[in-house]
Amino acid sequence: MGGSRAQVNKPHKTRFSSKSSRSIHKISQKDKNRIAKSNRNVTQGARAARLQRSKMLREQKKEALLKEKRASSGSASAPRVILLFPLSASVNVSSLAEDILRLLSADVSRALSSTVASSEYKLRATVLHAPHGDLLSCMEMAKVADLIAFVASATEQSTCDYIDSFGSQCLSVFRSLGLPSTVVFIRDLPTELKRRNDAKKIVTSSLTSEFPEDCKFYPADTKDDLHKFMWLFKEQRLTTPHWRNQRPYLIAQKVDMVPDDSSPEKCTLLLTGYTRAHSLSVNQLVHVSGAGDFQLSRIEIMKDPIPLNARKDHNAMDSDDIQDAEIIRSVAPDPSSQEPFLVENVPDPLAGEQTWPTEVEMAEAERNQKQKRLRKRALPRGTSEYQAAWIVDDADGEDSGVENDGDDDEDDYGMLLDEGDSGFPSQEDTNNPDFEEDQASLHLRDSDEETENDSVMMEGDNMTREQIEDEIKKIKEAHAEDEEFPDEVDTPLDVPARKRFAKYRGLKSFRTSSWDPKESLPPEYARIFAFDNFARTQKHVVARALNVEQEGRDDCAPVGSFARFYIKEVPFHVASKLCAASRTAPIVLCGLLQHESKMSVLHFSIKKHDSYDAPIKSKEELIFHVGFRQFVARPIFSTDNINSDKHKMERFLHAGRFSIASIYAPISFPPLPLIALKGAAGAGTPAVAAVGSLRSIDPDRIILKKIILTGYPQRVSKLKATVRYMFHNPEDVRWFKPVEVWTKCGRRGRVKEPVGTHGAMKCIFNGGLQQHDTVCMSLYKRAYPKWLEHRFPANV
């Protein structure tokens, strides 16, 4: 073909330049085997390391389990505590306790003791039986029990009779404290086999929902039934609440007191028993349940009166054996390392005195003052400097969503404030006697009559029965009114509102407005302690206590040792009460961690108990059982706001929901359970009022008491309205003019000016107002718990 170009075959591009170089990149079979062998060795080495690590973890867990088993059931461990609790009043636990003690004791001719050692079962046990109806004794026994055996009777006619009201109440309290290992003993079963099995099934099916899933049911009528249970109990791994394992404690087998010659009002309290959970140092502070915190003067480590491998005639503990026990060694505290007994901070009265400023401070103050003069703010007329400090910059009518209709006079929010011709006297103008009266009211200790008269029942010891009933009726009416109209108060007619509510202030937003936690603190805050970082401090304190435990120092009473503790400077009347109370309830001595004797502000998550119907008012005196410790406090209740640093105070503890209870109390490191008891009007047994747990320790937690002043529209014209009955004189209207108002139907607005001489005021809203609506004004002040000088129940 003419003109066509001849096609030229171009060489094809390949990976290899020539045919002979195609096999150069291939790996030889020898090299392949070498590389594969190396990878296989790496894989096998990693797998071997994983297996070795798993084996090491298994061995560590096995060793820890064996160590725990030896510590709980070995010959050197303290006797196991078995608590027999009757679920109803018809159950006789005294006979059951006697049967168990006779089974464990080899010598039945001697008088039975509560603590015995059995060489047959290789077990030492202390058997306690809870008195039905005595709530305090049952609580103290449940705190120290290693096993709670609930005793039920199979002869009850109906299912609901297996657990009576007191048994149900105690069971809920035990759950709040934390249940240890539990079993259920069934008594009074029929002798015929078929009827016996049927009765056991009925009791088991009726009570299964009340107890944990791992709770077992055992018949406990004959000696063979108890024998089978003891063989299982000997090998059982007991579980205890976590809070109990954090601190060393002791159950007093014997309580005695020695008078102090130097001080007739003081004495030395002697508690003898087995050390449990951890080693207890003589340099530690200790807490005696119900009596308070004290220092130790001496620890005597004694020979065990009932060793596990003892002779047959020494397998039960008697008081004479405790008194005549051989003293192995005595430990005295070291003054250089002993924990100081510091409860309150001693405030310096001159710490708040104002010193003469330096030249640098004066120059800085003058510079700040010039900057304030240059910066102008839109403030309403009649606003003082103190009130102006609480007005947000965007609080004018346009930013708050309130429309300005253009006919506002000089009292409107858009007016610049001039201190010289202000319609309301400034802080420099002190010639006005009303203003001096208002300033004096700011320094009142507490002008709120609701917080002033906290509990008339607590202070009126000489009140008659009719007066007590009237007071209870008033409290119930106030509780019902607080539920229906929360926070609403009436403005008094005889006292100006600016004086009555002088400590209150308005907030633009409860969630986002700032409130300084260090502002205007009460005098009690100078007596308490605070932590810069509480979590870090708790971590260091627990680590230090663990190091003392692992070091095995000579100044400690080891775990499981039988020792006598000498507690010094105990008030004589308190020691006498403890000696008398030891006959019915166990006296518990608990070792304290570092800082746990110092006062601070503790916050508890608390819920009203289902069995308590009476209202619980804020600042009402309650007995707090926090772990092993007991103290008296007057809490204030508040909500728990997650999205805000401010929390609203509640006047009453309402049922069915959790609240935060804040009190002045000795520092305790969480987690710890809480049981709050309310004392009876007479000398009766206190009732369980609330349960909960320790939440945090934070004196800077802001709790605000909210009040709502209400008024009613008199005349409504579009966005404007004349409101009356919120205040009763025009001076009060001017004083609270910067505070925003709102209505129950959702409108928001501001106060424009007073109208007339009887406290009516003109308001402007962001929408049309209905005639039946209610105008409200929210005011806040910071609330604090009530300080008590008697902090422990035995001192009351």
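Calculate, axis by axis, the spread of Cα positions in segment 551-663 along the three principal axes, and write the results as whole Å, longest axis first.
Projected onto its principal axes, the Cα set of segment 551-663 covers 50, 37, 25 Å.
With the contact rule set at Cα under 8 Å and sequence spacing of 6 or more, what percent relative contact order holds for segment 598-703?
Normalised by residue count, the contact order of segment 598-703 is 41 percent.
Computed FRET efficiency, Cβ-Cβ of residue 235 and residue 577, R0 30 Å: what is it to the nearest 0.05? Please list the in-between numbers first.
Numbers: r = 41 Å, r/R0 = 1.36.
Efficiency at R0 = 30 Å is approximately 0.15.
With each pseudo-label sitting 7 Å past Cα toward Cβ, what's the residue 716-residue 216 distance in nm, one decimal?
So the label points at residue 716 and residue 216 sit 7.3 nm apart.
Just subtract the alpha-carbon distance of residue 53 and residue 66 from 0.36 nm times their residue separation and send over the number in nm, one decimal.
My answer for the length gained is 2.7 nm.
Would you mind checking the pairs 216/254; 568/598; 499/598; 539/678 and listing those with alpha carbons more than 29 angstrom apart?
Going by Cα-Cα distance, 216/254; 499/598; 539/678 fall outside the 29 Å limit.
Quick check: convex hull over the Cα atoms of segment 72-239, volume per residue in Å³, rounded to an integer?
Convex hull volume per residue, Cα atoms: 117 Å³.
So with the 1.4 Å probe, I'd like the accessible area per residue for segment 72-239, rounded to whole Å².
Here the residues of segment 72-239 average 43 Å² of exposed surface.
Quick one: grab Rg to one decimal and Dmax as a whole number for segment 598-703, Cα atoms only, in Å.
13.1, 44
With a 1.4 Å probe and every protein chain left in place, work out the accessible area per residue of segment 479-597 in Å², rounded to a whole number.
Details: 6270 Å² over 119 residues.
That works out to 53 Å² per residue.
What does the extension gain come out to for residue 550 and residue 474, with contour length at 0.36 nm per residue minus their alpha carbon separation?
Full-extension gain reported as 21.6 nm.
List the GluC sites (Glu not before Pro) within segment 503-582 that DSSP assigns to loop and that have no more than 11 neighbouring Cβ atoms inside 10 Å.
Sites meeting the loop and neighbour criteria: 519.
Please compute the per residue accessible area over segment 702-796 with all protein chains in place, 1.4 Å probe, rounded to a whole number of Å².
Details: 3730 Å² over 95 residues.
So segment 702-796 comes to 39 Å² accessible per residue, rounded to a whole number.
At 1.4 Å probe size, with the rest of the protein present, what percent of the exposed accessible area of segment 136-282 is carbon and sulfur atoms? Before the final figure, lay out the partial values.
Values: 3250 of 6530 Å².
Answer for segment 136-282: carbon and sulfur cover 50 percent of the accessible area.
Can you order the peptides 297-304, 628-635 by their average number of other Cβ atoms within 10 Å per residue, highest first?
Sorting 297-304, 628-635 by mean packing, highest first, produces 628-635, 297-304.
So, R0 is 35 Å and r is the distance between the beta-carbons of residue 120 and residue 343; what FRET efficiency does that work out to, to 0.05?
The calculated FRET efficiency here is 0.10.
What full-extension length gain, to one decimal in nm, is calculated for residue 265 and residue 224 as 0.36 nm per residue of separation minus the Cα-Cα distance? The partial results should precede the final answer.
On the way: separation 41, 0.36 × 41 = 14.76 nm, distance 5.41 nm.
Residue separation times 0.36 nm, minus the Cα-Cα distance, leaves 9.4 nm.
Too long at a 26 Å Cα-Cα cut-off: which of 706/737; 62/234; 617/752; 372/762; 706/786?
617/752; 372/762
How much FRET efficiency would the formula 1/(1 + (r/R0)^6) give for residue 640 and residue 194, where r is the Cβ-Cβ distance and R0 is 41 Å, rounded to 0.05?
FRET efficiency, residue 640 to residue 194: 0.15.
So for segment 500-609, what are the equivalent ellipsoid semi-axes in whole Å, largest first, each being the square root of 5 times an eigenvalue of the Cα gyration tensor?
Largest first, segment 500-609 gives 41, 23, 15 Å.
The values are calculated or read from the model by the stated rules, or taken from the named source; none is laboratory data. Because the structure is a prediction, the values reported are computed rather than measured. Quick reminder, even Gly has a Cβ in these numbers, built from the backbone with ideal geometry, and neighbours come from all protein chains shown. Areas reflect the complete protein model, heavy atoms only, side chains present, ligands, DNA and RNA absent. Shrake-Rupley method; radii C 1.70, N 1.55, O 1.52, S 1.80 Å.
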